[in-house]
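The values are calculated or read from the model by the stated rules, or taken from the named source; none is laboratory data. As the structure is a prediction and not an experimental result, all values here were calculated from the model. Here the Cβ positions follow ideal geometry from the backbone for every residue, glycine too, while neighbour counts run over all protein chains shown.
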Amino acid sequence: MDETRFYSLPKLPYEYTALAPHISEEQLKIHHQKHHQAYVNGANAVFEKLDKARGENTDPDMKAILKELSFHIGGFKLHNLFWENLAPAGKGGGGVPKGELAKAINGEFSKFDRFKKEFTQAAVSAEGSGWAALTFCRKTGRPLILQIEKHNTNVIPGFDILMVLDVWEHAYYIDYRNDRAKFVDSFWNIVNWDAVAQRFDHLKK
């Protein structure tokens, strides 16, 4: 098997203990090693189905297989972004955005607190399993909030995602039980605004 044609689980940019007490070592390990790995495995399994069908010249159910592939790749990529936009509290995590990112957020939402309130509401009110995301529309130059269902529903094609918050129960249940709002509130202590700003500056160029 050509490993370059398949996905693999990325290493976290910090230790499993680094995000405590906001995300515990146990919670982070299970989320990364079990759930993120499951989307890696799921996407690769679909690739193998497609490769087999093409090799045998058979006809898979393309509607079902592409829906499954979209789900697993969406989960894989959103988790990659999620790990990258987190950092230990006080060591890169928390605070407020700066520079051009801050200007864009303040220009759209009037002030950071308004953005934080709307993003929090999007995260807390996501139905079932999903994500809150900060995105950017190059057409209008506006930063926008998305509420993504599962990993692949309500995503606007072509919009660049700057920051995400995973609000599937597997992201917080060990630490917060069913109190999603408490988890979302704690999230603001570990946002890596430097990483978010780097994404923003890169796409603006």
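Somewhere in region 66-78, is a residue within 18 Å of ASN192 (Cβ to Cβ) and surrounded by 13 or more Cβ atoms within 10 Å (Cβ to Cβ)? Yes: one or more hits. Filter region 95-128 for residues that are in contact with a helix residue (DSSP H, G or I) (Cβ under 7 Å, 6 or more places away or on another chain) and closer than 13 Å to ILE148 by Cα; which is surrounded by the most Cβ atoms within 10 Å (Cβ to Cβ)? Only one residue tops the list, namely ALA123. Just one of the numbered conditions (1) more than 26 Å from SER70 (Cβ to Cβ); (2) surrounded by 21 or more Cβ atoms within 10 Å (Cβ to Cβ); (3) touching an Asp or Glu at 6+ places or on another chain (Cβ under 8 Å) is not true of ILE190: (3). Scanning region 116-135 for residues that are of a type outside the set (Lys, Arg), part of a helix (DSSP H, G or I) and touching a residue at least 12 places away in the same chain (Cβ under 8 Å) turns up GLU118, PHE119, THR120, ALA122, ALA123, VAL124. Taken as a whole, region 148-164 holds at least one residue that is in a strand (DSSP E or B), surrounded by fewer than 17 Cβ atoms within 10 Å (Cβ to Cβ) and in contact with a Gly (Cβ under 9 Å, 6 or more places away or on another chain). Of the residues making up region 59-76, just one is touching a residue at least 24 places away in the same chain (Cβ under 8 Å) and either touching a Lys or Arg at 6+ places or on another chain (Cβ under 6 Å) or of a type in the set (D, E, K, R) (or both), namely GLU68.
For region 151-184, the tally of residues that are of a type outside the set (Phe, Trp, Tyr) and either assigned by TED's automatic domain parsing to the domain that holds ASN80 or closer than 30 Å to THR140 by Cβ (or both) stands at 17.
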